[in-house]
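Report on one structure; see the data block that follows.
The values are calculated or read from the model by the stated rules, or taken from the named source; none is laboratory data. Note that the coordinates shown come from a computational prediction; the quantities given were computed from them, not determined experimentally. Here the Cβ positions follow ideal geometry from the backbone for every residue, glycine too, while neighbour counts run over all protein chains shown. Just so you know, the surface numbers come from the protein's heavy atoms only, side chains and all, with ligands and any DNA or RNA stripped out. Shrake-Rupley method; radii C 1.70, N 1.55, O 1.52, S 1.80 Å.
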Amino acid sequence: SLTLAQPIYAGGAIKAGYDKAKKESELSHYEQIRITNNIIYDADVYYWNKVARQEMVTVAEELKESVSTLVKVVKDRVDEEYSDRNDLLMAEVKLNDAEYRLIQSRNDAEVARLSMNSFSGIPFNEFIETDSVVMPLTDVQDYSETLNTAMATRPELQIASHKIDIQKAASKIANAQYLPKLSVGIDGSYSSPGYDFKSDLDPNYAVYAKLSVPIFEWGKRKHTKKSGKYSVNIAVENHQKVTDNIRLEIETAFYNYSQAIDKVKLTESSLSKAADNERMAMDKYKEGNISIVEVINAQLYHQDAKVNYIQSKLNAQIAKSGLDRAVGRIDTITQ
């Protein structure tokens, strides 16, 4: 026997199932974009952190060179009996401290390099070519137009919107089982006894139309419809929550970006003043006008100014990447 059946109307379940599958396919596409954006942002963080740690090594080397110069000056003054030997001991202790900082900064730089290699999926013994210094950002870019369109470009918002459509389609599929169903078909058989009870094998065919109308389901229809409505409302509330979170994320990212730019300018100014202060302190010490402690403090102030400047540049780069991700531009910019 053979039966061929074609549904004509299944309560909307077929169309709803197609719409649900289509929305799920589109949702997976936006999920891929979301993951890609996060990976690009993380790559930026690993990259600039590696560059910053390497720049810290240069700063530590400069500190060691500066303290070494101070030790030489103090030794000459001690030999000429212009300074006490205690000054030389203090300078040598500070030189040991500078060497310790250099070792620590090199260790941090190597860890940052290994972390970037691990994230990039390449062997640890390979070296990725990068910038030698973190590029300073001093001008706030105009994001006004992007901010206005960011809500429409964020994949998270598209995902939340598609979840609403998926829940609506799922609700229609669940409710379809309680709606009338119409189908047509052909039923054929070849058997014995055959048609009119003939003893020989005889073919028999039937063309039919079938209408199924659910009458009573003991309240299941009502509860299924209510459950589907609740699921849709939950998806709608989640969409509103995602919208609010994205709006807050964009505003926060732009504020952090603006503040990071201001900090770069501030630390850059402090760095210039700290360099002048160290140079003048060294000249005054050679003339015997200040103590060794003031020179060491000036060197430490200069060191801290360099570290703060590098850290502010790093924070500004990461803040810019965070803003690009928040407004949905990071993937486009990278490409």
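Evaluated with a Cβ-only charge set (Lys, Arg +1; Asp, Glu -1), the chain carries a dipole of roughly 2520 debye about its Cα centre, given to the nearest 20. Between SER120, SER132, SER191, the residue with the greatest mean-square fluctuation in the GNM of the chain (Cα pairs under 10 Å linked by springs) is SER191. For region 169-244, chymotrypsin sites (Phe, Trp or Tyr not before Pro) are listed when DSSP marks them as loop and at most 10 other Cβ atoms sit within 10 Å of their Cβ; the list is PHE216, TRP218. Directionally averaged projected area (the chain, Cα convex hull): 30.3 nm². Rg over Rh for region 58-151 works out to 1.28, using Cα positions for both radii and the Kirkwood form for Rh.
What residue among GLY188, GLY12, GLY121 has the largest mean-square fluctuation in a Gaussian network model of the chain, using Cα springs under 10 Å? Most flexible of the set in this elastic network: GLY188.
Using the empirical formula 2.2 N^0.38 Å as the baseline, the Cα radius of gyration of region 218-335 reaches a ratio of 2.05.
For the chain, a Gaussian network of Cα nodes joined below 10 Å ranks ILE164, ILE122, ILE39 by mean-square fluctuation, and the top entry is ILE122. Annotation for region 23-128: chymotrypsin sites (Phe, Trp or Tyr not before Pro) lying in DSSP loop with at most 15 further Cβ atoms inside 10 Å of their Cβ are TYR82, PHE124, PHE127. Accessible surface for region 264-309, divided over its residues, is 55 Å² per residue with a 1.4 Å probe. Expressed as a whole percentage, what fraction of the accessible surface of region 44-91 belongs to carbon and sulfur atoms when a 1.4 Å probe is rolled over the protein heavy atoms? Summing carbon and sulfur atoms, their accessible area is 44 percent of the total for region 44-91. Counting lysine pairs in region 1-91 whose alpha carbons fall under 25 angstrom apart, excluding pairs fewer than 8 residues apart on the same chain, gives 4. What the Cβ-Cβ distance of LYS286 and TYR100 gives, at R0 = 25 Å and to the nearest 0.05, is a FRET efficiency of 0.40. Against the empirical 2.2 N^0.38 Å (N residues), region 160-283 has a Cα radius of gyration ratio of 2.68.
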